[in-house]
Structures are given as structure tokens and as C-alpha cells.
Amino acid sequence: MANLFKSIQALLILAATIGCSGSTSVAGRSPSQPPGTTTTSCYRPGDKPYPSRLPPGMSIEEGLAKGIIGSLDKEDIRRVIRKNEGQVRGCYERTLAGNPDLAGRVTIQFIIVGDGSVEASRLDSSTLDSLSTEVCVAEAACGWHFPKTNGGGQVIVTYPFNLTTGRAGTP
């Protein structure tokens, strides 16, 4: 049980601390839907950062017991993201054709619910300066499927993608 709590704490810290030094926050931007796309995705343009903490005064044990939070092993999260890395690469390569010098880091934040599906996704920060690519990356996460969360609650993940002509993928 102690290992489970350490895993949850590490995941909450991961969600709170994986960041992009030198990146520009996109919280004030209001990205629009790219032409020709539908609004059926879980992408939430303009969403504020998802809270990475429990309500004040609530312990991890209580959050687990109430099903507010869940946990997933970091390697399970990385494995699913790596499996879907081609979608992220596709977003980048479509834009790269018209802008061969395009490079940067796009960080997204998404919520995995108890059944392992992604409920919501948002653009957290970016140094890429290509809104269509940034939105495409955030929308890609909407179709990813993770293992069921431990505890049945939600897991909030913040994840950076390095996009360069040599490699478009995970750090």
C-alpha cells in the first residue's frame, strides 16, 4: 500500500513538474478550430491548467478512497504515448512541408479517466509558434487509450513533445 501511495505522489509530482523551460504559456491564447475539422474531440481550447492537486486538506488516501484520483504507472503512460507518437509526428510533418525550419517543444495536458480513456486535452505551452500543429497534437491525445486507472479516479498528465526535423517525439 505504501508503494501505491508513493506511485501516486510521484505521478502527481510528474503532472505538476514536467514542464518546458523557456516555453511560452498559451493560457492567454484562444486557439480556434483548424478549418475542416470537427468539434467531436476532447480538445478544450483556452482551458486553464487542470488542477494537479487534491482539494486543500484532503490526503492522497482519502482522494483514492473517494475515487477522485487514480494512478497509472509512469511507464504505462510513456508506453501508450510512444505507441501513438506517429500521430504527433504526422501533425508536425504536415506543417513542416510549408515551413522547413519549424522546430520546438509542444506540451499538452490531458485527463485520463477511470476506464483509461482521455476525457479532456489542452495545450499547456509551446515554443513551436504553429497553432495548427499545437492544436493537432492536443487533439491527437483524445483518441489515446491507457490502462484502467488504479483507484478508478482521474489521472492528470502533462507531457512535452520535442519536434525537430531530426526527430518528432517524446523526450
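What does the charge count around ASP47 come to, taking other residues whose C-beta lies under 10 Å from its C-beta (Lys +1, Arg +1, Asp -1, Glu -1)?
+2
Within the shell of other residues whose beta carbon sits under 13 angstrom from the beta carbon of THR95, the net charge comes to -2, with Lys and Arg scored +1 and Asp and Glu -1.
Taking every protein chain into account, the 1.4 Å probe leaves ARG89 with about 80 Å² of accessible area, to the nearest ten. Spin-label pair THR165-ASP47: with each label point 7 Å from Cα along the Cα-Cβ axis, the two points sit 3.4 nm from one another. If the chain linking ARG82 and LYS148 were pulled fully straight, counting 0.36 nm for each residue of separation and taking away their Cα-Cα distance, it would gain 22.0 nm. Largest to smallest in accessible area, the residues ASP115, ASP101 fall in the order ASP101, ASP115 (1.4 Å probe, all protein chains included). Sorted largest first, the spans of the alpha carbon positions of region 43-144 along the three principal axes are 51, 26, 18 Å.
The values are calculated or read from the model by the stated rules, or taken from the named source; none is laboratory data. None of the values given here were measured: they were computed from a predicted structure. With ideal geometry, Cβ positions are generated from the backbone for all residues, glycine too; neighbour counts draw on all protein chains shown. Keep in mind that these areas ignore ligands, DNA and RNA; they rest on the heavy atoms of the full protein, side chains included. Shrake-Rupley method; radii C 1.70, N 1.55, O 1.52, S 1.80 Å.
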